[in-house]
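All remarks here apply to the structure that follows.
What follows draws every value from the coordinates through simple rules; no lab data is involved. Quantities reported herein were computed from a predicted structural model and do not represent experimental measurements. Cβ atoms come from the backbone with ideal geometry, glycine included; neighbour counts cover every protein chain shown.
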Amino acid sequence: MARSRPTNLIEPFSGLDVSGFVPRADLGMAERRAVLGIFPRRSLWPDLDVLNEEIAEQTQHLTAAQARTSSLLTECALAPERDADRLAEWQLAGSRGPRPEPTVVALDAQIAEAQLDADAAQRAVDIKLEERGAFVEKHRGRLVAVAAQQVTAAGDRMLELVDELEHARATLIELRSSEVWAHTYPPTIPSGESPTAHIAGGRAAPITSTLGLNPAPQLQASAVLELLRLDADALKTAATPAQRAVLEGRNPNHPRNSAVWSDTDEGRQKAAEDRQAARQAFEREWGRPAPF
């Protein structure tokens, strides 16, 4: 005899308070909105800015309509008690004058109108989000080219600033040396050089307070400047592992470390790719060729 399916498997979270949650029937659309709503902090494309402004305008309408609906719902929840109080006051006053009319009916009509406005605003936002998605799909090559050009320019500018910082630091050291010479010439104390080759004069307190390193290492200024140059290179190619997979034309849902037989052509190719990836990771991390 076949077992009957437990009813709690049909609705596993039956009875759970889901107030404020997206209805299950709308989860797909909610996910679509979330995906299309992603946008970089800085826009590089004026034609896309027009769409973004339209989306922002419709979103403001949506927020206002949702706020009005929420306010009316709260007012409607309080209406029965408030209407009862007014009716009680009328009765205590000898039922003189017109009998107070219930406000629930009028509020229900206002709620329906506000909800319709919110639904219309949400629909307008969805239309504009889809329009932006279609625009990006159509013009992706141009958008990428514009962004890549500006990434290169910004990276080059960062490297220029590091070079300027290096020069400015060297100038500051020389000027301070001249100032000290003017104060102490002719010397009555042993001559020497202050530890300017190290960041913050090699003192531990600034390193600990800014980097949280304790004990604080002595940081060579030249090494820190080189680290900033490596940082510029890393920033120009920054991406999450999943994003990098897409950029390289790979499926992010099938990572490189998926299991394959080692004694097959696929296994040998994968091993070579893993070694190359490990070498690249080492070079990015340490700034020198990998020893393997």
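Identify all lysines with a Cα-Cα distance to K270 below 27 Å; exclude those on the same chain that are fewer than 8 residues away in sequence. Counting by Cα, and skipping residues close in sequence, K270 has these lysines nearby: K236. Couplings 3J(HN,Hα) for segment 58-63, derived from phi with the Karplus relation 6.51 cos²θ - 1.76 cosθ + 1.60 (θ = phi - 60°), are 5, 5, 5, 4, 5, 4 Hz, where x marks Gly and Pro. The label point for L159 and the one for R42, both projected 7 Å from the Cα toward the Cβ, are 1.8 nm apart. For D231 and Q149, the FRET efficiency from 1/(1 + (r/R0)^6), where r spans their Cβ atoms and R0 equals 22 Å, is about 0.60. Taking 0.36 nm per residue of separation and subtracting the current Cα-Cα distance, fully stretching the chain between S222 and E179 would add 13.1 nm. Rounded to the nearest whole Hz, the Karplus-based 3J(HN,Hα) values (6.51 cos²θ - 1.76 cosθ + 1.60, θ = phi - 60°) of segment 190-199 follow the sequence x, 6, x, 10, 6, x, 6, 5, 9, 4, with x at glycine and proline. Amide H to amide H distances under 5 Å link H198 with A221, where only residues 5 or more positions off or on other chains count and H is placed in the peptide plane. Modelled label positions at A278 and R33, each set 7 Å beyond Cα in the direction of Cβ, lie 4.8 nm from each other.
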